[in-house]
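> Below is the structure I would like to discuss, written out as C-alpha cells.
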Amino acid sequence: MFTLPNMQDEVRLNVLHPPNPERVQVRQNPSSPARSLWSTQVFRGCIAGFVLASLVALSACGDDGGGSASSATAPHDSFTPEDIKVAPAVVTAGLTRLPATIASAIAAIGTPDAEVKLDAIEQEWATFEGTVRETDPDIYLAIEDQLAPVQDQIKAGDTDAATATLTTMTDLFDQYLTQYPG
C-alpha cells in the first residue's frame, strides 16, 4: 500500500490520479498522542543534553590546579585565608596579639563567652596566615599543627593542656618574629 508523506504530494497526485473511494488512507494526526509524546521526549532529550554540555563546559572553566593565579587574570568568588598576603608589620602585630587572644579563650573556658573567644583565635590567625605560610612554610605548618589541638583543648575544657600548647605556640611566634622582624 502506498502512503503519501504530506498533503501537497497528495493534492498533486490527485490531479494525475483521481482518488479511489475504496482506498482509505490512514494519516497520523500531527497532534496525536504518539507524535506529542515523541516531540516531548525529543525536547526533553535536547534540554538534558544542553544541561549536560553546559555543566561539562562550566567544570572545564574551574581551577586547573596550575598554582597561584592573580585575581586580575582569574577572578574567584571565594578564597582561603592562605591566599591573603599582608605587610610584614601586620604579621608582627598579629603574632604579638594572638597569644593574648588564645589566653583569653583559655580563661573563658566554662563561660558563655568561650565559643566567641575560641572563634576569635581562628579569625585573627586568618588575617595574616597566608603571609606566614609564604614566608616560612615550616613555621607555618608547626603553628597550624598546634592551632587545632589548642582549639580542641579549649572546647574540651582542658585548661592545663591548652596552656601548655599556648606556650609552644608562643615560642613558634617568637621564632618567626626573630627571623622576620616586621
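No value in this document is a laboratory result; all are computed from the given coordinates. All of these numbers come straight from a predicted model, not from anything done at the bench. Backbone-built Cβ (ideal geometry, glycine too); neighbour counts: all protein chains shown.
> When the Kirkwood radius is taken over all Cα pairs of the range 105-178, what Stokes-Einstein diffusion coefficient follows at 4 °C and 1.567 mPa s, in µm²/s? Mind dumping the intermediate values first?
On the way: Rh = 12.7 Å.
D, rounded to a whole number, is 102 µm²/s.
> Near ALA148, within a Cβ-to-Cβ distance under 12 Å, what is the net charge of the other residues, with Lys and Arg +1 and Asp and Glu -1?
Values: positive: LYS155; negative: GLU122, GLU144, ASP145, ASP152.
Counting the neighbours of ALA148, the net charge comes to -3.
> Please order ILE154, ILE143, ILE84, ILE121 by the number of other Cβ within 10 Å, starting at the fewest.
Details: ILE154 25, ILE143 22, ILE84 15, ILE121 19.
Ascending number of Cβ neighbours within 10 Å: ILE84, ILE121, ILE143, ILE154.
> Moving on to the next point. Given a Förster distance of 41 angstrom, what is the FRET efficiency for THR135 paired with ALA107, based on the Cβ-Cβ distance and rounded to 0.05?
Values: r = 30 Å, r/R0 = 0.74.
The pair THR135/ALA107 has a calculated efficiency of 0.85.
> On to the next question. If you count, for each residue, the other Cβ atoms within 10 Å and average over each peptide, how do 94-100, 173-179 line up from highest to lowest? Please report the intermediate quantities before stating the final value.
Numbers: 94-100: 16.7, 173-179: 14.9.
Packing order, densest peptide first, comes out as 94-100, 173-179.
> Please give me the summed charge of the neighbours of GLY94: other residues whose Cβ is under 10 Å from its Cβ, Lys and Arg +1, Asp and Glu -1. Mind showing how you got there, number by number?
On the way: positive: ARG97; negative: GLU124, GLU129.
Surrounding charge for GLY94 is -1.
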